[in-house]
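Here, each number is a calculation from the coordinates, and none is a lab measurement. Bear in mind the structure is a predicted one, so any value in this text is a computation, not a measurement. Neighbour counts run over all protein chains shown; Cβ positions are idealised from the backbone, glycine included.
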Amino acid sequence: MTQLAGTKALLRLACVALALTAFWPDFAPATFAQAPAPSPSAKIWEGRHAEFEAFIRTAEFERIEDVPIGVTRPKRAFFKPGGPVASVAWKVLPPGRQKGYWESYKSEIAAYELDKLLGLGMVPVTVEKQWKYDRGAAVLWLSSIRSWKEVSDRPKPPHWDRQAIRMKMFDNLICNKDRNAGNLLVDDAWNLFLIDHSRAFISDNDLPVSMVRVDRELWDRMLALDEATLTAVIGKWVNGSDLRAILKRRDKMKAAIDRMVKARGEAAVFVH
Ligand SMILES: Nc1ncnc2c1ncn2[C@@H]1O[C@H](COP(=O)(O)OP(=O)(O)O)[C@@H](O)[C@H]1O
Ligand SMILES: [Mg+2]
């Protein structure tokens with residue numbers, strides 16, 4: 001085919017495409033289509049904590065399904081449509097040892113309450129719920145969410161690092177040794193969410209995560225924690241030596257952070 005004939009053929013194809021577009025809008029090439037609206041943040045409870053907590057605590061489950069992933073075999077429970085929350089992770093884990101690990105639904109609630117106290121905003125709304133003969137933690141099920149496995153290779157926006165730093169500080173404070181790829185979720189706005197804290201709040205004094213940088217604001221809030229405040233906020237869910245271990249780990253974090261600052265200087269350690 002000569003160059004002229006090739007150009008004519010291309011032109012004819014373009015005309016056919018345009019004609020089809022006029023009568024059949026779906027034929028419009030993808031580049032003509034409108035860009036999809038950015039998905040909203042999955043943090044739908046922001047500024048409405050009490051309302052979401054009350055709904056999850058009191059609304060009836062319509063049906064309960066098995067969650068095909070995970071180790072403790074949580075369930076997903078659905079509410080009747082029309083409320084502020086469509087479904088929750090339903091974790092009936094009475095305090096005790098399972099497969100060698102201490103697990104408790106109460107730790108799920110403690111993680112959420114401590115998240116609120118520290119102004120973290122990463123743990124979805126979690127409350128204690130009684131449903132039929134079961135008592136457990138009901139955790140708001142995040143929608144439009146991706147697992148860490150899906151996004152770990154993608155380029156991260158600037159606000160990502162600070163969230164990852166905060167997550168590590170939180171995991172040290174609560175002694176969470178279970179932050180595997182299934183236990184952190186990310187929405188389309190790159191908000192980081194933390195789930196599955198049933199193994200946390202144990203009495204170990206060791207810090208499970210090594211910290212390289214420290215979020216100044218969060219650290220100041222952690223430094224302000226004392227036994228009376230913790231007892232008031234999470235004493236129903238964590239007590240005795242497990243509660244005091246939070247402060248022992250905080251003091252260990254302080255020693256580690258002081259060493260980091262001495263070695264590298266404040267500017268290299270703290271992020272704001
Ligand atoms: N609140 C939630 N929102 C969205 N997905 C969730 C939520 N809770 C659990 N999942 C999904 O279910 C999986 C298993 O739940 P998880 O709480 O991690 O239990 P397990 O102790 O079995 O690991 C998670 O990896 C995640 O994919
Ligand atoms: Mg898990």
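What does the charge count around Glu62 come to, taking other residues whose C-beta lies under 15 Å from its C-beta (Lys +1, Arg +1, Asp -1, Glu -1)? Local net charge: +4.
Just checking the listed ones, Ala86, Ala181, Ala245: in the Gaussian network model of the chain with Cα springs under 10 Å, the one fluctuating most is Ala181. Of the DSSP H helices in the chain, those that are both long (alpha-carbon extent of 18 Å or more along the helix axis) and hydrophobic (Kyte-Doolittle mean at least 0.5) are 3-23. Given H placed 1.01 Å from N in the peptide plane, which residues other than close sequence neighbours of Val125 have an amide H under 5 Å from its amide H? Placed amide hydrogens put Leu140 under 5 Å from Val125.
Looking at the chain, the DSSP beta bridges with both ends there are about 95 percent antiparallel. Build a GNM of the chain with springs between Cα atoms under 10 Å apart, and of Ala50, Ala77, Ala42 the one that fluctuates most is Ala50. The Cα center of the stretch 160-195 and the Cα center of the stretch 245-265 differ in position by 20 Å.
Ordered by the number of other Cβ atoms lying within 10 Å of each residue's own Cβ, fewest first, Thr58, Thr126, Thr229, Thr72 fall into the sequence Thr58, Thr229, Thr72, Thr126. Each residue in Asp242, Asp188, Asp258, Asp178 was given a count of other beta-carbon atoms within 10 angstrom of its own, and listing them fewest first yields Asp258, Asp188, Asp178, Asp242. Exposure proxy shown here: for Ile174, Ile44, the number of other Cβ atoms within 10 Å sets the order, fewest to most, as Ile44, Ile174. Pick from Val139, Val123, Val212: which residue has the top mean-square fluctuation in a GNM of the chain where Cα pairs under 10 Å get a spring? Of Val139, Val123, Val212, the most mobile in the Gaussian network model is Val212.
Note on Ala267 and Lys80: the model spin-label points, each 7 Å out from Cα along the C-beta direction, lie 6.1 nm apart.
Using 0.36 nm per residue and subtracting the Cα-Cα separation, the extra length available between Arg162 and Tyr133 on full extension is 6.3 nm.
Within the same chain, lysines fewer than 8 places from Lys132 are excluded, and of the rest, those with a Cα less than 30 Å from its Cα are Lys43, Lys75, Lys80, Lys91, Lys99, Lys106, Lys116, Lys236.
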